[in-house]
Amino acid sequence: MTADLVIVGSGFFGLTIAEQAATELGLKVVVLDRRHHIGGNAYSEKEEQTGIEVHRYGAHLFHTSNERVWEYVNRFTTFTNYVHKVYGVHKGEVYSLPINLATINQFFRANLTPGQAKDLIQEQAGELAGTDPQNLNDKGIQLIGRPLYEAFIKHYTGKQWQTDPKDLPAGIISRLPVRYNYDNRYFNDKYEGLPTNGYTAWIEKMAEHPNIEVRLNTDFFDESHEYSKNKVVGNIPVVYTGPVDRYFEYAEGDLSWRTIDFEEEVLEVGDFQGTSVVNYNDDDVSYTRIIEPRHFHPEREYQTEKTVIMREFSRFAEKGDEPYYPVNTSADRDRLLKYRDLAAAEKDVLFGGRLGTYKYLDMHMAIGSALSMFDNKIRPHFESGADIESGGVDA
Ligand code: FAD
Ligand code: UDP
């Protein structure tokens, strides 16, 4: 078929655009992905020996407070009632995370009420009272005081980012709630759950429309097929969700990313750790956490002879590694501004998603941002001939 719209990348961003374009506007859409499977980083599959669903690119927990996104995703899948909880190991003891009254009372061997705990933390954070910390180290100490910071944040963050917390932005730590009650839900969002039949079933349903053709093992920059960059740009509108620096052949320099090495192991026990995620908060263990995927779906009747676990090791990405988390140094931010200018000047090409905007986007954010791009740019173009203006990579 000859496409009306070409989408590079079959992750949640690309597939949301594809689904909307086909369903709402009846467009013929071709989606390219250089990987052998659909779904981008949310892809999951059954581990061969155990039959347990494994998230191939790291644990993916769906959560959102966005009503429109929640309504939209429920068109393709139902969700289980899974509520994410995380535990952390410090000096041989297991604590409840994120930091809550159980963590505080266990750590200080105390029986504090919410008010007493607040007073204690305030006293311990006193050294930075009244300041406006800009780095993660000072922000962490101000939030929870030095003893808890040094136990649960300092080394974990060092392992995760390989950067002194004094050189990291304060914002990274603000993602984590601190609670003066016994609520240990990891996320604060209104809706939360895992796709009942797995991520891949959800993702395949999004691509089901007969007007959508997905071409796997197909790189946009490979000239040997009919929808390559040089053949398409300027002739057919494109939504590009690959790395923005790659699109412009790294003309302004490389944007830096962190990647994760996953060490997967099948064990001859039915249950290794009793829960889905255990963080290792000290620096005598080189991995950051262990994921045990069977616990994401307690409602499933998995066999009980074996389990699968994944240890996560974090490091800076090199060319050829999977780019997972934008590092966002000041040099990166300068480069990004230049790439945004280049992207804005690229006619009929829209840049979106995590790699296309160089932004850490959760799944609900990638989907929400794709729905907005569809409403604001794609629909007006195809319905009334409005110009497709990229407006930079900050879609
Ligand atoms: P991606 O999923 O990265 O898809 C981009 C696609 O483009 C890829 O399939 C890639 O192969 C393809 N591509 C790139 N270049 C080319 C090219 N030249 N030609 C053809 N195809 C190309 N979100 C949550 O909400 N909850 C979580 O718990 C969570 N955990 C995460 C854990 C990790 C380790 C990571 C990395 C992310 C996590 N996320 C989580 C974020 C989630 O993965 C993203 O929100 C989502 O994948 C964004 O979708 P996307 O379409 O923008 O990008
Ligand atoms: N963090 C920490 N200790 C923990 C959990 C998180 O220090 O036990 C810090 C760490 O810097 C991490 C950030 O908080 O990068 C955000 O945590 P989150 O679990 O959201 O990390 P991600 O999902 O990005 O791995």
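The table below gives the values:
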{"read-out": "Distance between region 138-179 and region 323-375 - C-alpha centres, whole angstrom", "value": "26"}
{"read-out": "Check: region 1-67 dipole with +1 on Lys, Arg Cβ and -1 on Asp, Glu Cβ, in debye", "value": "220"}
{"read-out": "Residue (of TYR156, VAL285, ILE99) at the positive-pole extreme of the chain, dipole from beta-carbon charges", "value": "ILE99"}
{"read-out": "Relative contact order for the chain, counting Cα pairs under 8 Å that sit 6 or more residues apart, in percent", "value": "24"}
{"read-out": "Signed unit charges on C-beta, dipole axis of region 99-143, positive-most listed residue GLN116, LEU128, GLN142", "value": "GLN116"}
{"read-out": "DSSP bridge orientation in the chain - percent antiparallel, rounded to nearest 5", "value": "65"}
{"read-out": "The chain, dipole about Cα centre (Lys/Arg Cβ +1, Asp/Glu Cβ -1), debye to the nearest 20", "value": "660"}
{"read-out": "Computed helical MRE - 222 nm, the chain, DSSP H runs ≥ 4 contributing -39500 (n - 2.57), nearest 500", "value": "-7500 deg cm²/dmol"}
{"read-out": "Measure of compaction for region 259-316 (Cα Rg per 2.2 N^0.38 Å)", "value": "1.19"}
{"read-out": "Cα gyration tensor of the chain - equivalent ellipsoid semi-axes, whole Å, descending", "value": "39, 25, 20"}
{"read-out": "Contact order normalised by residue count of region 99-172, Cα under 8 Å, 6+ apart, percent", "value": "29"}
{"read-out": "Carbon/sulfur fraction of accessible area - region 245-395, other protein chains in place, 1.4 Å, %", "value": "46"}
{"read-out": "Cα long-axis angle, helix 12-25 against the chain (0 to 90 degrees, to the nearest 10)", "value": "40"}
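The values are calculated or read from the model by the stated rules, or taken from the named source; none is laboratory data. Everything quoted here is computed from the prediction, not taken from an experiment. Quick reminder, even Gly has a Cβ in these numbers, built from the backbone with ideal geometry, and neighbours come from all protein chains shown. In case anyone asks, the SASA skips ligands and DNA or RNA and just uses the protein heavy atoms, side chains included. Shrake-Rupley method; radii C 1.70, N 1.55, O 1.52, S 1.80 Å.
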